[in-house]
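Down below is the structure, laid out as structure tokens.
The values are calculated or read from the model by the stated rules, or taken from the named source; none is laboratory data. Quick caveat, the model's predicted, so the values are computed rather than measured. All Cβ positions, glycine included, derive from the backbone under ideal geometry; neighbour counts span all protein chains shown. What goes into the accessible areas is simple: the full protein's heavy atoms, side chains included, and nothing from ligands, DNA or RNA. Shrake-Rupley method; radii C 1.70, N 1.55, O 1.52, S 1.80 Å.
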Amino acid sequence: MTKYIYAFDEGQKSMKDLLGGKGANLAEMKHLGLPVPDGFTLTTEACIKYLEHGSKLSDSLMDQLNTQLADFYERTQKSFSSDTALLLVSVRSGAKISMPGMMDTILNLGLNDDNVKKLAEKTEDARFAYDCYRRLLQMFGEVVYSIPMASFDTYFNQYKIKHGYQNDADIPAEGLQVICDHFKEVYIEEVYKPFPQSPIDQLTEAIEAVFKSWDNDRARIYRELNEIPHDIGTAVNIQEMVFGNSGEHSGTGVAFTRNPVTGEAKLFGEYLLNAQGEDVVAGIRTPKDIESLKEQMPQVHQQFVDVSKRLETHYKDMQDIEFTIENGQLYLLQTRNGKRTANAAIHIAVDLVEEGVISKEEAVMNVEVKSIDQLLHPNFDEQSLKQATTISKIGLPASPGAASGKIVFSAENAKEQAEKGNKVILMRPETSPEDIEGMIASEAIITTHGGMTSHAAVVARGMGKCCVTGCSDIEINVIDKVVNYSGGTLHEGDVISVDGAKGDIYYGEVSTMKAERSEAFEQFMSWAEDVAKLQVRMNAETPQDIQTGYQFNAKGIGLVRTEHMFFGPERLIEMRRFILSDTQDKRINALNKIQQYQMTDFEEILKLSGQRPTIIRLLDPPLHEFLPSSVEEKNNVAQQLNVSVRELEQYIESLDEVNPMLGHRGCRLAITYPELYVMQVEAIVKSALRLKAQGIECQPEIMIPLVSTVAEFTILRAKIVEKIEQLQQEAGETIQYLIGTMIETPRACLIAGELAKVCDFFSFGTNDLTQLTFGFSRDDAGKFIGSYSEQGVLENDPFQTLDQDGVGQLVKMATKQAKAVNPTIKIGVCGELGGDDKSIHYFSQIDIDYVSCSPFRVPGALLSTAQSEVKGGRLHV
Ligand code: PEP
Ligand code: MG
């Protein structure tokens, strides 16, 4: 019989697949002897079974639940029906991968009309008992019967106003009793049935609701956003309640063992006295800094400090811990690796290595590749900031970044505006999981309520999105769509700027500056480099981009797209003269002029690269891309080239192609006009020779694009080599160079063994290779890839993430064939996939030597290659 339920002391941290993250860690903490209230976990397998078989908990699960409950009563010496030792439990979901705010929680389960009286008697605190009951009625209604939150909240808030109560804690027992009675009526009004009085019915219904909530919309959206599989299910944790709302010596809180924003090695957290867990997370009351616990409860504070250290050392990472204090006694309700900003991730990883807690390899695994992007986020330009008008400066810096946009007040509106191409800032009193799509669509999020662990803060940080919370000196009125602040009123559509690293808000647009990298970043990246085997080069041609790539430690240039150098006006006209020439002599004349420009460019590029390999791709796009299209431009060009507009138009028409991407481009151009490549090669070699004369050695690697036959390559290679030899002879000097090809057509993959005999290197152009393997136009596929992902035709956009089954197989086969005949051949990937984490993981398992991507993707790619190495190294094909 499959075991569907594990008591906490039967599990351990390695059982996350089965017990979920929360369940596995509760079990681990129990084993460590930490103060964890007792409980048990229903497995993810039980959830998957339930969702597969529909609407009922199976007999086998029910049998196990009854047995487990009997044991649980025994262990705790409490029961749901005891007069003196009443058992109340929490029911919480917990998937393998943490999904904050996505799934539901029910507290105080087991209370009913009788038990609430028993609780009141036992604790001699009727207020506390009815406060627990009203929370259960509310949470159970929302989670299990989908009763709108507002049906409870509106009454609760009106009751407070009517009786002049400022805080929830001011409502006396009698008031809470009235509220409970009203909440029970809400059940009848909304779902036509009463609140279940039997604790066992409550428990089974709650378990079913948690299982079902795995499939609710917000959970699905979160999983899609975070690439979490839909079929792994959630576990359910049933745990004895401890009460943070049982007076002023009780409380509840959330704390990180280090600062999740900066990485500083200091406890960082918040707590509320006389409160239950949801109060802190929901951001309804503003919590206190964990530091003040030192004064309020010094012993508990010290115990918490010790526990934090122990957990961090045990898990070898910064922990995010939920705790409750009941009458001066500390209890731990959860620990997990804490979410953090990229900056904090780097600092924490570096500090943990330096403190001897983890190795370099472990440090590399502790930083998410996608978070590296956050480090490269812009900041506001200081000068521009000085002139900006402040709206607020007291918000909490919940998630870093700098963004400007138009104000919107609802998630729907944010989505709608973003779809129209507008940059928007979502402003809400607080956010809830329903707002997730609007948060994704926004540039930044601002809330007036809530702290650093509120929903908005946690979710935005996870997304790497700029966010300011607890901005309590402004009033966000979502009904009238206005924001009141000390300096006036803002309306929907007004532009504001948000600094998520400082918590500041400004009126109007503030200009931004590139991010600066810290010493810790450099240290961390150097460890990533030590660990990585697969090299990372950059795709770049401008000096600025090349410098950026080298600052990020790119190992060379994997792709210089030379066509990008033809678009300056003085070059373009010569290129047009070349295209419109009717004899080879005229063409060569035009090319000689272009060559001068190319030499300056190549000299600059090769000088910046020095000894690092630099792949220069010879001209690739179809010629008509260089010709004018508007009437005005055509008139100008005709005049400059001394031809009639009619003649020019006729020529443009003659170059027109039905499928230009399949047409006269790449090496096909040079088979027709060899002088084109000869001119480019001459420019490369002359530049290299000039540099050599200045004492600068360089390593140009000349790349012929779009080859699909061996003859295309050998014919062009022979012409190129002839030119190079002639130039070397004239100069009486030699240079180092390689000649290779791009592998961009399926045919080139199929004959890779033959090509490898005549090529010094290969570079997979996965943009064209994907286009030609699928037969999807790379320029138009966006029109249908969305429907393909929605309907599950394709898991990913193959232009962004390698299609391992098709394109990946071609790359693997071609690599294997090439290395078999030419073991020293260097093989790289220079399409967009060269900067994608999942694709890099695949490339690092086959015999690829390097990936190449745009300069800003270099650090992320470097980390991907290091992580691939730690995860599994190479599977030689
Ligand atoms: C490719 O096809 O992958 C490539 C890098 O070349 P381009 O994108 O310039 O066609
Ligand atoms: Mg290409």
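Just a few scattered comments:
- Summed over the residues of the chain and divided among them, the accessible surface reaches 41 Å² per residue at a probe radius of 1.4 Å.
- Partners for Lys117 among lysines (Cα-Cα distance below 17 Å; same-chain residues under 8 apart left out): Lys78, Lys184
- Cα centroid separation, region 118-137 to region 680-748 (Å): 83
- At 0.890 mPa s and 25 °C, Stokes diffusion of region 816-877 via Kirkwood alpha-carbon radius, µm² per second: 207
- Translational diffusion of region 475-606 was estimated from the Stokes-Einstein equation, with Rh taken as the Kirkwood radius over Cα pairs; at 10 °C and 1.306 mPa s the coefficient is 78 µm²/s.
- Whole-number Å³ per residue for the convex hull built on Cα positions in region 482-556: 163
- With all protein chains in place and a 1.4 Å probe, the accessible surface of region 401-543 carries 45 percent carbon and sulfur.
- Using all pairs of distinct alpha-carbon atoms, the Kirkwood hydrodynamic radius of region 248-354 works out to 13.9 angstrom.
- With bins 10 Å wide beginning at 0, the percent of Cα pairs of region 77-219 falling in each bin runs 11, 39, 35, 14, 1.
- Bridge type composition, the chain - antiparallel percent by DSSP, nearest 5: 60
- Share of pairwise Cα separations in region 547-599, more than 16 Å, in percent: 52
- With only the Cα atoms considered, region 728-877 has a convex hull volume of 148 Å³ per residue.
- Whole-angstrom Cα spans of region 586-646 along principal axes, big to small: 50, 21, 17
- With respect to the chain, whose longest principal axis is taken over its alpha-carbon atoms, helix 710-731 is tilted by about 70°.
- On the principal axes of its alpha-carbon atoms, region 615-767 has extents of 48, 42, 23 Å, going from largest to smallest.
- Along region 126-134 the Karplus relation, 6.51 cos²θ - 1.76 cosθ + 1.60 evaluated at θ = phi - 60°, assigns HN-Hα couplings of 5, 4, 4, 4, 6, 5, 5, 5, 5 Hz to successive residues, with x for each Gly and Pro.
- Equivalent ellipsoid semi-axes, region 322-460, via Cα gyration tensor eigenvalues times 5, rooted, Å: 31, 22, 16
- Three principal axis extents of region 792-848 based on alpha-carbon atoms, in descending order, are 39, 20, 16 Å.
- Entries of Lys294/Lys871; Lys16/Lys838; Lys634/Lys686; Lys96/Lys555; Lys533/Lys719; Lys593/Lys692 with Cα pairs more than 30 Å apart: Lys294/Lys871; Lys634/Lys686; Lys96/Lys555; Lys533/Lys719
- Helix content alone sets the calculated 222 nm mean residue ellipticity of the chain: runs of n ≥ 4 DSSP H residues at -39500 (n - 2.57) each, divided across all residues, give -14500 deg cm²/dmol.
- Qualifying chymotrypsin sites (Phe, Trp or Tyr not before Pro) for region 728-825 [loop in DSSP, other Cβ within 10 Å: at most 11]: none
- Note on region 1-125: the alpha carbon radius of gyration divided by the globular reference 2.2 N^0.38 Å gives 1.14.
- Kirkwood hydrodynamic radius over Cα pairs of the chain, then Stokes diffusion coefficient at 25 °C and 0.890 mPa s, in µm²/s: 79
- On Cα atoms only, tilt of 199-213 relative to the major axis of the chain in degrees: 10
- Residues of type aspartates and glutamates that Lys406 reaches as a straight line, Cα spacing below 14 Å, ignoring anything fewer than 8 places off in the same chain: Glu416, Glu419, Glu443, Glu492, Asp494, Glu509
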